[in-house]
1. Would you pick out the residues in segment 4-36 that are of a type outside the set (Phe, Trp, Tyr) and within 18 Å of the chain's Cα centre (by Cα)?
2. Report the residue count in segment 342-357 for those that are of a type outside the set (D, E, K, R) and at pLDDT 95 or above.
3. For LYS162, work out the one condition from (1) in contact (Cβ under 8 Å) with a residue 40 or more places away in the chain; (2) exposed (fewer than 15 other Cβ atoms within 10 Å of the Cβ) it doesn't fulfil.
4. When residues of segment 137-154 are filtered for being in contact with a Gly (Cβ under 9 Å, 6 or more places away or on another chain) and either of a type in the set (D, E, K, R) or away from the ligand (no atom under 12 Å from the Cβ) (or both), how many remain?
5. From the list ALA17, ALA12, ALA5, ALA48, which residue is more than 10 Å from the ligand (Cβ to nearest atom), at pLDDT 95 or above and farther than 14 Å from PHE405 by Cβ?
6. Which of the residues spanning segment 29-43 are outside any loop (DSSP other than H, G, I, E, B) and more than 8 Å from the ligand (Cβ to nearest atom)?
7. Output the number of residues of segment 270-307 satisfying the condition of being of a type in the set (Val, Ile, Thr) and free of Cβ contacts under 8 Å to residues at least 40 places away in the same chain.
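The values are calculated or read from the model by the stated rules, or taken from the named source; none is laboratory data. Fair warning: this is a prediction, and the values are worked out from it, not measured in the lab. Because the Cβ atoms are built from the backbone with ideal geometry, glycine has one as well, and the counts that use them run over all protein chains shown. Please note that ligands, DNA and RNA were not included when accessible areas were found on the heavy atoms of the full protein model with its side chains. Shrake-Rupley method; radii C 1.70, N 1.55, O 1.52, S 1.80 Å.
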Amino acid sequence: MRHIAIIGSGPAGYYTAEAAQKQWGDDVRVDVFDMLPVPYGLIRTGVAPDHQSIKGVSKRYEATALSDNVRFVGNVMIGKDVSVAELQQLYDAVVIATGAPHDRKMDLPGEDLGNVFGSAAFVGWYNGHPMFANLDPDLSGDTAVVIGMGNVALDVTRILSKSRAEFAGSDIVAHALDILDTSKLKRIVVLGRRGPHQIMMTPKELGELSHLTRAAPRVDPVDLPEEGEDALLEPGLRKSVTHLRSFAAIPESHYADYPIEIEFDFFASPRALIGSAGKVEAVEVERTKVEAGRAVGTGEVYTIPASMVVCCIGYRSSPIPDVPFDERAGRFANDEGRILPGLYCVGWARRGPSGTIGTNRPDGFSVVEKIAEDMAAGALGHGGKQGRPGFDALAERRGLDVVTFRDWKKIEAQEEARAREGAPREKFVDVADMIEARKG
Ligand SMILES: Cc1cc2nc3c(=O)[nH]c(=O)nc-3n(C[C@H](O)[C@H](O)[C@H](O)COP(=O)(O)OP(=O)(O)OC[C@H]3O[C@@H](n4cnc5c(N)ncnc54)[C@H](O)[C@@H]3O)c2cc1C
């Protein structure tokens, strides 16, 4: 029997569990740990609440989670409640699938001012991550600046733009809906250092900006390259740029019907956040030009008034004591998923924050191949590890309050039962409430 511990129950964790099942069938026992009492990582706390069809991928993970040889071990933080070294003593292989939960810093003056948020925090807030439930952003000003030209920046912009009615059918949490309802925003500036041909936004997400009931997108036509140059782009990016061209063609009269403008500010590199009394009031920006794909400052500096700022410029993994970490790359030091024989990483913890949910699947399968290779080479010892019973004994000695998958199903049932009309669920946003809810 092989015993495998996976740290993290997001896509990478569950794809790895699925791959282990396919590889070893009944000859494997997999424990999937999560620090939260609820599974699925960013499917629950990252993917936008108004994109329910994408969140539906969790049904696939549930099928894996419900099989006899895979079990969910929630409410256990590895590195705090239990060390990686302890797991290594109990399991033949330990796989880190902890994602990249921290915002990459911009390293700009004023970054710590009030009403300035990283996207991990802001997205976590509207998606009910317990760590960010109390964020309490102030939306009483009129201009938000969203820094970044990727899909997360689009998610944040769209969520800031929508009316209460447009959240029908979503699982946005009540505290966020209530604050968004009071929003006085009139302008959302999406700031990017480079130009339309360098965006990381996908066409579907960009196209959604054309269908908002109270916000309209604006692109300055002078920012767009010659149309003929679009032919050189890969098809997805070309489609996205076509959306930008259609935004640039919107007649001025159209904006009178929309209380919020979403303004794309290309070739714009933030230099500092400026504020008073501890709160952000403006973003100082340097105009750039793109040379050989890189943004180069032109020396022209201007200021955008900003009552709030959300930075969507990427994420970092969180180091775990005694596990080699690549500080520069912000992820675990690894060679194609192998940290060392017996210790592996997958998903964002392995690659950094890139790719779609599906990108994590081949990662999971390839790490299981590495484990199988190391086992076959005798690099993981000769079996005899205790696996589950060993962990259960440790958890009991340490007084850990482990949440099982069956407990999660009770929490889920309660979340569904308390959903507002038309919504799939109303999430618990506090760990204590989740634990209480498992009583059923
Ligand atoms: C805002 C946002 C929106 C996105 N939207 C989309 C989308 O629409 N479509 C798409 O294809 N992709 C989307 N993605 C990307 C997708 O979410 C990721 O590719 C995927 O979630 C990465 O999976 P992961 O398992 O590596 O990490 P995660 O999903 O982050 O899972 C990591 C898990 O590890 C747990 N964990 C962390 N540390 C510990 C610890 N020490 N002990 C125990 N558990 C721990 C966490 O609680 C979490 O459950 C989005 C990402 C973000 C940030």
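1. Keep residues of segment 4-36 that are of a type outside the set (Phe, Trp, Tyr), which gives 4-13, 16-23, 25-32, 34-36.
ILE7, GLY8, SER9, GLY10, PRO11, ALA12, GLY13, ASP34, MET35, LEU36, listed by residue number.
2. Quick first cut of segment 342-357, residues of a type outside the set (D, E, K, R) only: 342-349, 352-357.
This time we only want the ones that are at pLDDT 95 or above, so: 342-349, 357.
Residues flagged as of a type outside the set (D, E, K, R) and at pLDDT 95 or above within segment 342-357 amount to 9.
3. (2)
4. Total satisfying the criteria: 3.
5. Exactly one residue qualifies, and that residue is ALA5.
6. Result: ARG29, VAL30, ASP31, VAL32.
7. 4
Yes/no per residue for (1) open to solvent by less than 30 Å² (accessible area, probe 1.4 Å); (2) of a type in the set (Asp, Glu); (3) in contact (Cβ under 8 Å) with a residue 40 or more places away in the chain; (4) at negative phi:
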position	(1), (2), (3), (4)
PRO11	yes, no, yes, yes
TYR14	yes, no, yes, yes
VAL32	yes, no, yes, yes
GLN52	no, no, yes, yes
LEU90	yes, no, yes, yes
ILE96	yes, no, yes, yes
LYS105	no, no, no, yes
